[in-house]
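**Q** I have a structure here, written as structure tokens, and I will follow up with some questions on it.
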There are 2 protein chains.
Amino acid sequence: MPAKACLIVIGNEILSGRTQDANTIFIARRLAELGIALESVHIIPDRPARIVETVNLCRAAYDYVFTTGGIGPTHDDITAGCIAEAFGVRLTVHQETFDALMHAMGAKKFNAARQRMAFLPQGAQPIKCAASVAPGFRIGNVYVLAGVPRIMQSMFDALAPTLQKGPPLISATWRGRIGEGALAAGLEKIQSRFPELDLGSYPYESATGVHSVALVAKGYAPDRVEEASQEIRQLFLELGVSPEEGEPPVA
Amino acid sequence: MPAKACLIVIGNEILSGRTQDANTIFIARRLAELGIALESVHIIPDRPARIVETVNLCRAAYDYVFTTGGIGPTHDDITAGCIAEAFGVRLTVHQETFDALMHAMGAKKFNAARQRMAFLPQGAQPIKCAASVAPGFRIGNVYVLAGVPRIMQSMFDALAPTLQKGPPLISATWRGRIGEGALAAGLEKIQSRFPELDLGSYPYESATGVHSVALVAKGYAPDRVEEASQEIRQLFLELGVSPEEGEPPVA
């Protein structure tokens with residue numbers, strides 16, 4: 001069984017529709033490669049009670065919890081304080097981080113607001129990265145990352161080697177011009193022969209409006225995914241459709 | 001107080017990183033226009049226990065619950081059955097939907113798999129839309145929509161007039177070339193004078209790599225948003241930056 005992970009996206013800007021979340025798909029893909037199952041994503045507002053409650057529920061339920069957002073210098077950056085509260089510890093100055101920020105900015109720019117970025121929950125380890133002097137941090141099984149995608153990605157790259165890897169999630173995809181209702185019975189039979197795989201059916205339209213479907217087999221055992229993949233290909237052929245392999249081109 | 005809403009995105013394809021979720025930002029924007037506060041998004045796998053549990057938690061906690069995904073004809077389309085289980089009712093054939101699908105497809109194409117799309121939880125009302133003969137449905141405060149964005153959007157358009165509207169969420173944005181740490185103290189003072197608004201600070205980089213920040217004031221009272229907007233503009237000016245109004249151009 002792969003390790004199980006949960007992502008908490010902290011951000012009013014996602015919930016108001018200001019910003020298209022780009023962090024979920026990045027973390028989802030990287031965890032799939034690392035053989036860790038992303039089982040849940042919560043997108044919640046910048047409100048302390050919601051953050052504390054969600055972090056405590058998730059850290060009890062999952063092997064790994066990742067959060068994005070709310071670790072900058074402004075008043076709406078409340079994640080570190082909420083994580084400290086969730087763990088019942090104090091926020092304290094992390095001297096190495098304080099010194100690094102002071103060195104990078106100089107005393108004049110390193111004002112009280114920016115000094116907040118040097119405060120971590122007691123016992124947290126900084127997650128240093130190439131994209132930012134201000135670090136993310138880990139405490140227990142919770143990894144606290146920036147919201148800005150470029151910085152979040154750099155932090156994820158830095159922490160990834162410390163995670164418990166498993167066999168990567170493998171997927172195989174066939175697509176063709178047919179309604180998914182025509183494939184449904186055959187696909188269900190294949191699913192019943194491969195109960196350990198996820199078989200998914202995703203209708204889509206090509207740029208020219210042609211109704212097509214992508215059938216996807218996903219799992220952690222490459223041989224089984226390949227067997228299911230061949231059965232899916234055969235299912236298309238039996239229905240008179242010559243399928244193409246791989247994801248549809250972006251319309 | 002605006003009505004409170006929650007979105008449940010049902011989809012292994014989002015959690016595996018196969019698909020970029022596009023439904024959250026659409027629903028978030030439409031709810032903001034309708035004056036309904038989106039307070040939570042859950043992205044969960046196609047697993048019955050998770051769907052039933054999440055729906056029951058959310059329908060007790062929010063005025064409106066929207067779900068996307070899992071209402072097609074294939075074995076992985078399990079949302080309707082899970083909603084029925086969450087409400088403690090049976091799935092039953094919805095005759096009007098059955099007849100409409102039969103009429104649209106003809107008896108030969110309307111096989112057992114496609115007939116599943118005519119089964120709704122007992123007491124549910126179909127959400128008919130222009131983009132699909134197979135409807136979404138409403139039961140209690142739960143609105144069950146398709147996962148394919150074009151069809152989901154058509155269903156949302158169809159149901160929107162039935163929601164309890166409020167004053168729309170208004171936002172004002174100023175942006176300029178300055179670090180957010182330099183603005184933080186002033187922004188916090190503005191926030192303290194406008195406790196009913198959400199003031200957010202969002203650093204970004206232009207296409208040429210210039211570090212900039214967008215300050216956003218959001219709320220339901222246009223006069224107050226406008227007052228805060230002018231204070232934000234003044235804050236930039238006091239720091240020697242001539243801000244531009246509006247969201248940054250997409251880099």
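**Q** Looking only at the range A:3-21, decide whether some residue is at the interface with chain B (Cβ under 8 Å from one of its Cβ atoms), β-branched (Val, Ile, Thr) and more than 25 Å from B:Ser171 (Cα to Cα).
**A** No, the range A:3-21 contains no residue that is at the interface with chain B (Cβ under 8 Å from one of its Cβ atoms), β-branched (Val, Ile, Thr) and more than 25 Å from B:Ser171 (Cα to Cα).
**Q** So, of the residues in the range A:120-156 that are in a loop (DSSP other than H, G, I, E, B) and polar (S, T, N, Q), which turns out to be surrounded by the fewest Cβ atoms within 10 Å (Cβ to Cβ)?
**A** Among those that are in a loop (DSSP other than H, G, I, E, B) and polar (S, T, N, Q), it is A:Gln122.
**Q** For the range A:178-211, name all the residues that are among the charged types (D, E, K, R) and either at pLDDT 95 or above or under 27 Å from A:Asp63 (Cβ atoms) (or both).
**A** Within the range A:178-211, A:Glu188, A:Lys189, A:Arg193, A:Glu196, A:Asp198 meet the criteria.
**Q** Can you say whether A:Ile51 is β-branched (Val, Ile, Thr), under 19 Å from A:Gln153 (Cβ atoms), in contact (Cβ under 8 Å) with a residue 12 or more places away in the chain and outside the structural domain of A:Lys218 (by TED's automatic domain parsing), as far as the supplied structure shows?
**A** no
**Q** Looking at A:Glu226, A:Glu231, which is the one that is assigned to a helix (DSSP H, G or I), charged (D, E, K, R), at pLDDT 95 or above and exposed (fewer than 14 other Cβ atoms within 10 Å of the Cβ)?
**A** So the residue among A:Glu226, A:Glu231 that is assigned to a helix (DSSP H, G or I), charged (D, E, K, R), at pLDDT 95 or above and exposed (fewer than 14 other Cβ atoms within 10 Å of the Cβ) is A:Glu226.
Residues are listed down the side, and each one gets a yes or a no for (1) more than 14 Å from chain A (Cβ to nearest Cβ); (2) assigned to a loop (DSSP other than H, G, I, E, B); (3) surrounded by fewer than 22 Cβ atoms within 10 Å (Cβ to Cβ):
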| position | (1), (2), (3) |
| --- | --- |
| B:Thr24 | no, no, no |
| B:Ile43 | no, no, no |
| B:Asp46 | no, yes, yes |
| B:Arg50 | no, no, yes |
| B:Pro73 | no, yes, no |
| B:Ala84 | yes, no, yes |
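**Q** Here's another thing I want to ask about it. Could you figure out which of (1) at pLDDT below 95; (2) of a type in the set (A, V, I, L, M); (3) assigned by TED's automatic domain parsing to the domain that holds B:Gly179 isn't true of B:Ala214?
**A** Tallying (1) at pLDDT below 95; (2) of a type in the set (A, V, I, L, M); (3) assigned by TED's automatic domain parsing to the domain that holds B:Gly179, B:Ala214 fails exactly one: (1).
**Q** Being surrounded by 14 or more Cβ atoms within 10 Å (Cβ to Cβ), small (Gly, Ala, Ser) and farther than 25 Å from A:Arg29 by Cα, is that true of even one residue in the range A:186-199?
**A** Looking for residues that are surrounded by 14 or more Cβ atoms within 10 Å (Cβ to Cβ), small (Gly, Ala, Ser) and farther than 25 Å from A:Arg29 by Cα, one finds at least one in the range A:186-199, hence yes.
**Q** Now a separate question. Go through the range B:160-183 and give me each residue that's surrounded by fewer than 17 Cβ atoms within 10 Å (Cβ to Cβ) and away from chain A (no Cβ under 12 Å).
**A** B:Ala160, B:Pro161, B:Thr162, B:Gln164, B:Lys165, B:Gly166, B:Pro167, B:Arg177
The values are calculated or read from the model by the stated rules, or taken from the named source; none is laboratory data. Given the structure is predicted, the values throughout are model-derived calculations rather than measurements. Reconstructed Cβ throughout: ideal geometry from the backbone, glycine too, with neighbour counts over all protein chains shown.
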